[in-house]
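Worksheet: the structure to be examined is printed underneath.
The values are calculated or read from the model by the stated rules, or taken from the named source; none is laboratory data. Nothing here was measured: the structure is a model prediction, and the numbers come from that model. Cβ atoms come from the backbone with ideal geometry, glycine included; neighbour counts cover every protein chain shown. For the accessible areas, the whole protein counts, side chains as well, though only heavy atoms, and no ligand, DNA or RNA atoms are used. Shrake-Rupley method; radii C 1.70, N 1.55, O 1.52, S 1.80 Å.
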Amino acid sequence: MENVIEANEDNFAAEVVEADLPVLVDFGAVWCGPCKSLDPVVEELAGEWVGKVKVVHVDVDHSPNAAMQYQVMGVPTLMLFVSGEPVERMSGYKPKAKILSIFEPHLG
């Protein structure tokens, strides 16, 4: 996923909380079927949002503290951070149109 940045507990603050742009965080796991289905949609959004929204992937198995900190109880979970704060979240696989309807209102 060329436009999606891999984040972990070491760089989460720098990549997400301190980012100048809004950040869409994709919390997932390699064993998660719905996550695999969502990956192409997230990649497509990342390509469309270059320069407008930063897209970051976090593997919950490698970064359990980040997942716990933001109360991610299941994967996939998408969270939109604006100015370092989570403003919207969505759990489970959803089609692109639904994702856009949830997150785009927060993108100004």
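Could you please find all residues in the stretch 14-35 being closer than 14 Å to residue 96 by Cα and open to solvent by 60 Å² or more (accessible area, probe 1.4 Å)? Answer for the stretch 14-35, where residues must be closer than 14 Å to residue 96 by Cα and open to solvent by 60 Å² or more (accessible area, probe 1.4 Å): just 34. Just name the residue that is surrounded by the most Cβ atoms within 10 Å (Cβ to Cβ) out of those in the stretch 48-58 that are of a type in the set (A, V, I, L, M) and in contact with a helix residue (DSSP H, G or I) (Cβ under 8 Å, 6 or more places away or on another chain). If we take residues in the stretch 48-58 being of a type in the set (A, V, I, L, M) and in contact with a helix residue (DSSP H, G or I) (Cβ under 8 Å, 6 or more places away or on another chain), then 58 is surrounded by the most Cβ atoms within 10 Å (Cβ to Cβ).
Report yes if residue 97 is within 20 Å of residue 12 (Cβ to Cβ) and not in a loop (DSSP other than H, G, I, E, B), otherwise no. For residue 97, the condition - within 20 Å of residue 12 (Cβ to Cβ) and not in a loop (DSSP other than H, G, I, E, B) - is not met. Of everything in the stretch 74-93 that is out of contact with any Pro (no Cβ under 9 Å at 6 or more places or on another chain) and among the charged types (D, E, K, R), the residue that is most open to solvent (accessible area, probe 1.4 Å) is 85.
Selection of the stretch 59-73 for residues being open to solvent by less than 60 Å² (accessible area, probe 1.4 Å) and under 24 Å from residue 105 (Cα atoms) yields 70, 72.
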